[in-house]
Structure formats: structure tokens, C-alpha cells
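The values are calculated or read from the model by the stated rules, or taken from the named source; none is laboratory data. Keep in mind that this is a model prediction, so the values were computed, not measured. Using ideal geometry, Cβ is built from the backbone for each residue, glycine included, and neighbour counts are taken over all protein chains shown. Note: areas computed on protein heavy atoms with side chains; ligands, DNA, RNA excluded. Shrake-Rupley method; radii C 1.70, N 1.55, O 1.52, S 1.80 Å.
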Amino acid sequence: MSDGTSIAYDLYTPDGTAPAGGWPGVVVLHGLGGSKDDMAALAQIFASHGYAALAYSARGQGTSTGNLELSGPSEIADERAMESFFAGVPAVSDTQIGAWGVSYGGGQLWDGLVAGIPYKAAAVVATWTDLYTALWPQDVAKSGIVLGFAKAVEARSPLIVANENDAVHSTNLPALKALTSARSSYTGLPSVKTPVYMFQGRVDYAFDVTQAENGYLREKGPKHLYLGQFGHTPSTFSTPDIAYMQSQTLAWFDHYLKGAPNGIDKSKPVTLAAATGSRRVSYAGIPKTKVVGSGFRGTTLGPRVGPRFRQALETFGVSLLKVQVRKVSNYPRLVATVRAGKRVITHGAIVPKVGLQTIRLANYVQYLPKGTRLSVSFSDSSGDDVAYLGFGESGTISLGSAFLSLQVLTKPISG
């Protein structure tokens, strides 16, 4: 790179002679703490379907040199340089190049699109568009997730080391907002006209559905959104719908990089997978929702149990939990965890103040069978759930009644 950093890469090409103009190409971007080697299987799939693929290890990761800077200006400059290098390979088209990125690589890909890297098509998987609202919603860190990410890369990132304590403990928030804003695509998304296929998990503690909805609603080019069974914890990336995602990705690139008239551009753009199995439902846009209310009386921190639902429900969208805070002393965060039995349905947190407070809950797609009774627990952490770690503070809080406005699909698709 221009600053002397060495970037390790692997170049994959299809068998046979390249067509006139060269093979269409796909730049493949890995996740946090990973490397080009993690992308080998996917790159080989692209090569077997007539694409050249370039997988590289981002600076500070794998065998590349330099420091990880969290999709900062240096990483975007690297991404631009690698796309330019790829376009200059004689067997590769210098015009028909797309990109695919997962998690960290997906955020980097969005940032690259906003910066004007000339990809002709893109696919992003399980990633962010607004890093601050993803990991510090309502100014409270999803501390378990933030700490896990930090520990994965701190050995090669002075930036992460310098900010880790503030990031985990939700302190020095103005500096965190400035840092993450410069690494988020949200404000620049309306400038993007590249065809983008967004793949996001139904239940992903790191990057919830809202992060993909931001992209779908703000990006101005052709776009598709798939909400599937995969994702960061508590989900995994070894789910039955991975094959479907691969076929959709290939169809997307076939159309926008090869010009194949396969109809994907005319298909309904939003698809939601059922919680289990292979059922999928497609929509003309973000699916319609309604609000179902549930009261939680009492004054205990919980768990407080609500009434049984008389019909099956499927959550979708940002649900709101209102709670009366009567007294608070040295209680830096109030975490609300909504469960169905032992299963976490959603959660959220605020910095509590006396009065009626509203907690915006994470946007997960969760199926609730008929007869489900939700419970809500309040604490300074999410307990045995990894999202919000506690730090052993000894403060006190007194609460009144709570009311949940649960955002759900007008018609559930699971069950």
C-alpha cells in the first residue's frame, strides 16, 4: 500500500480461457479477526461459476502487516487500491467487478461504496450501517459483544486498545460517537446507487435487523434484502439457508456483472425466512407490522410475567418498553431482558433517570407460538445472556409498572 503496509491476497480464476474483456470479478472481504484464508471456500465457489475472485487479509489481520483501524481511512484506501489492482489483472475485466463482505468486511464494503469505489454490484452479510447505534444503542454498550470483538483483535490494534475501556463501560461517549461515525455508512447511503443485496440475521446480537433496514431504505440503487437464520451470537453461520444465500448471491452477480436476464431484478425485493426449516416469504417492501401491548405490573426487578398471547406472533421492528423509574442511586445502566421461558426474545438498556422511561428493544425476528407468556427482567446486566455484561456496581433502583409495545408482523410466517 502507499504507506508501506503489505497486504496478503489470493487470486482465484476460473478454469479455461478468459472471455474477451476478462472474467467478471468479485472482491471478497472477511470478518473481524479473520483473513483471506477464511474466504477460500467462497472464492472457489465464485471461480467455479465463472468469476475471478480476490480475497485479501485486511491490514492488521492474517499475514498482512500494519494495524487494524476498524474500517478507517487506511482500510478504505487499501480496499480502493485492491480493487484497482484486481481490475488491472489481464484476465480480469476492468469494468465488471463486484464485492462481497461479511460482518467487518460488510461494513468495510458499505464504507467503500460510500467512498466511491466503483463496484458494479455488491452483497453484504451480517453487518452494520451505523456502528454506534448497533453496539451502543441509547448510549449503553452491548458490553459483552463489544468486549468479545475487542479481545479478538486488540493484539494488533492500538486504536482498539486505546478505546476498549470506554467502549465496554459506555464512557467518553462523544469520542466513541466521532470514532464510529467516521466508520459508518449511514449518512452517505443516499449517495450509493450500486446494486446491493443485503443478507442479515433474524437474531443477531451484534447487528440487528435495523442495520440492514437502514441500508434497504436509504440506498438509492437496485436492492434486495434477505433476513435469514444465520448471524452472530446467539445464531451461527452454519445454518440451512446458507445454500439459498449463495444461490441468491450468484444470481445477483450473474445479473449485474454478467448481464444474465435471470429475473432477479424483477423479483420481490424483501424475503424473510421462517425461524426453522426452509419456508420463505417475499414482500414488495419492508413487511407491514402491528403493535401488540402487554402490561407488567409490580415493583420487583423481575422476572415479571405478562398475560398469555391468544394468537401466534412474530416480532419484527423496534419494540418499546416503558417503565416508571421511582428512585435511582449510582445505577449506571438499566437493562431490560424480555424472555419466553428461557429464550431471550429481545433486550435493551438505558441510563436510568427518575420518571417514565422508554427502552428501545433490539430488532430481532422471533416467533412466539399461541399461548406464549413473556417475562421481563430488569437489572444492571443481562445476567446469563451475553449481550450486556455487568460490572459489579452496588447502586440501587426502584421501579414501578412497565408496559411493552411489541412490534409484530401482521401475519407470522413461522410455526
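Contact annotation: residue pairs with Cβ atoms under 8 Å, 6 or more positions apart or on different chains, pairing a residue in the stretch 301-313 that is farther than 18 Å from Y367 by Cβ with a partner that is open to solvent by 70 Å² or more (accessible area, probe 1.4 Å) and not polar (S, T, N, Q), are R304/R297; V305/R373; P307/R373. Residues that are surrounded by fewer than 18 Cβ atoms within 10 Å (Cβ to Cβ), closer than 22 Å to G144 by Cα and without any contact (Cβ under 8 Å) to a residue 40 or more places away in the chain within the stretch 345-355 are absent altogether. Going through (1) farther than 24 Å from A122 by Cβ; (2) open to solvent by less than 20 Å² (accessible area, probe 1.4 Å); (3) among the small types (G, A, S) one by one, A212 falls short only on (1). When residues in the stretch 315-344 are screened for being part of a strand (DSSP E or B) and either among the acidic types (D, E) or touching a residue at least 40 places away in the same chain (Cβ under 8 Å) (or both), 17 of them pass.
Scanning the stretch 218-245 for residues that are open to solvent by 30 Å² or more (accessible area, probe 1.4 Å) and either closer than 24 Å to A53 by Cβ or touching a Phe, Trp or Tyr at 6+ places or on another chain (Cβ under 8 Å) (or both) yields R218, P222, K223, T233, P234, T236, F237, S238, I242, A243, Y244. Screening W110 with (1) assigned to a helix (DSSP H, G or I); (2) more than 30 Å from L11 (Cβ to Cβ) gives one miss only, at (2). Per the listing A47, A81, A53, the residue uniquely small (G, A, S), buried (at least 20 other Cβ atoms within 10 Å of the Cβ) and either over 21 Å from the mean Cα position of the chain (by Cα) or in a strand (DSSP E or B) (or both) is A53. Selection within the stretch 160-174: residues that are closer than 23 Å to G66 by Cβ and touching a helix residue (DSSP H, G or I) at 6+ places or on another chain (Cβ under 7 Å). The member of this set that is surrounded by the most Cβ atoms within 10 Å (Cβ to Cβ) is A167.
Give the stretch 187-201 a look and list any residue that's of a type outside the set (S, T, N, Q) and open to solvent by less than 10 Å² (accessible area, probe 1.4 Å), or say none. Matches in the stretch 187-201: L189, V192, V196, Y197, M198, F199, G201. Listed by first and then second residue, the pairs with beta-carbon distance under 7 Å, at least 6 apart or on different chains, first residue in the stretch 242-270 and free of Cβ contacts under 8 Å to residues at least 40 places away in the same chain and basic (K, R), second surrounded by fewer than 18 Cβ atoms within 10 Å (Cβ to Cβ) and assigned to a loop (DSSP other than H, G, I, E, B), are K268/A284.
There is at least one residue in the stretch 246-263 that is of a type outside the set (D, E), closer than 20 Å to A212 by Cα and open to solvent by 50 Å² or more (accessible area, probe 1.4 Å).
Tell me, yes or no, whether the stretch 127-142 has at least one residue that is over 23 Å from S35 (Cα atoms), of a type in the set (K, R) and in contact (Cβ under 8 Å) with a residue 40 or more places away in the chain. Yes, the conditions are met somewhere in the stretch 127-142.
Being crowded, with 19+ Cβ neighbours inside 10 Å and not aromatic (F, W, Y) holds for only one residue in P19, P90, P14, P24, and it is P24. Annotation: of all residues in the stretch 356-415 being over 24 Å from the mean Cα position of the chain (by Cα) and aromatic (F, W, Y), the one that is most open to solvent (accessible area, probe 1.4 Å) is F403.
Screening the candidates R218, R183 for the property of being within 15 Å of the chain's Cα centre (by Cα) and either more than 29 Å from A43 (Cβ to Cβ) or not hydroxyl-bearing (S, T, Y) (or both) yields one hit, R183. In the stretch 122-140, is there at least one residue being surrounded by fewer than 19 Cβ atoms within 10 Å (Cβ to Cβ) and more than 23 Å from A178 (Cα to Cα)? The answer is no; no qualifying residue exists.
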